[in-house]
1. Just want the ordering: Arg82, Arg156, from fewest to most Cβ atoms lying within 10 Å of their own Cβ.
2. Taking only DSSP H segments of four or more residues, each worth -39500 (n - 2.57), what value at 222 nm results for the chain once the sum is divided by all its residues, to the nearest 500 deg cm²/dmol?
3. Please report the relative contact order for the stretch 103-203, taking Cα pairs under 8 Å with a sequence separation of at least 6, and give it as a percent rounded to a whole number.
4. Report D for the stretch 133-226 in µm² per second (integer): Stokes-Einstein, Kirkwood Rh on Cα pairs, 20 °C, 1.002 mPa s.
5. Starting from the amide H of Gly63, placed 1.01 Å from N in the peptide plane, find each other amide H under 5 Å away whose residue is 5 or more places distant or on another chain.
6. Among the GluC sites (Glu not before Pro) within the stretch 36-131, which fall in a DSSP loop and have no more than 13 other Cβ atoms within 10 Å of their own Cβ?
7. Cα centroid distance between the stretch 10-32 and the stretch 120-166, in Å?
8. So, by mean Cβ neighbours within 10 angstrom, what's the order for 105-116, 14-25 with the highest one leading?
Amino acid sequence: MVQPGTESVWLWIGTALMALGALAFIGMGWREDDPERQAFFIVTIFIPVIAALSYFSMAMGFGLVELAVPWQEAALDIYWARYADWLFTTPLLLLDLALLAGANRNTIGTLIGLDVGMIVTGFIATIITTSQAMRITWWGISSAFFLVLLYVLVSRLSAQAATQPGDVGDLFGTLRNLTILLWTAYPIVWLIGTEGLALVPLYWETAAFMVLDVTAKVGFGFLLLRSRGTLEASRVETPEAATTTTD
């Protein structure tokens, strides 16, 4: 087990904030009895729960490995648990947006497939040890998945959200824009951090990822779950309806 360095303070802060967010979401949905709103609470609660476990493992050193790379003397610290977190939590975030927009199965499957491709290729970029150029190449492939995901999010999913009643479209727009803004920052932090061009030390890279993670998961969840009236107006599509409305 590799012991984390001074950056562990940010990992412990992330653990605490994710755990508090999960407890707050559980409290917000404790007496919720509407099945459609329950779907949002269930999905959103699991996001900070998974993230809290990931941050705890990294803070304890279980989610950290050291890789020897030829372009620098010291071993490269890789927090692999971060990618395990993203592999589960980012599809759940997209599922929240898709449920809010009343998306069909094809749209949901496309978004999640692109997201998984983005995370997996990003992880490959992180663990490659042959050359820094090869790492950047795989980062570019991951970023390409992300750009296509953004296109689907802004075009198809936004169009489906526009058909929703009440303030659902406005709430979707707010959450979509927040997601785009924060998710765009992730590949930038990776590129300038220790896993990319090493322009920023691990301490500040870890801090940046923690702030982005907490905002993208807990902040997103608060904005979504506090809008009970809007959630009630949204149409959470059933499997039977999805069968008749696929593109």
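What follows draws every value from the coordinates through simple rules; no lab data is involved. Values in this document were obtained by computation on a predicted structure and should not be read as measured data. Heads up, the Cβs are rebuilt from the backbone with ideal geometry, glycines too, and the neighbour counts pull from every protein chain shown.
1. On the way: Arg82 26, Arg156 18.
Fewest to most other Cβ atoms nearby, the residues stand as Arg156, Arg82.
2. -23500 deg cm²/dmol
3. Dividing the mean separation by the residue count of the stretch 103-203 yields 24 percent.
4. D = 144 µm²/s.
5. Placed amide hydrogens put Met58 under 5 Å from Gly63.
6. Glu73
7. When both Cα centres are located, 27 Å separates them.
8. Working: 105-116: 18.1, 14-25: 20.2.
For the peptides 105-116, 14-25, the packing ranking is 14-25, 105-116.
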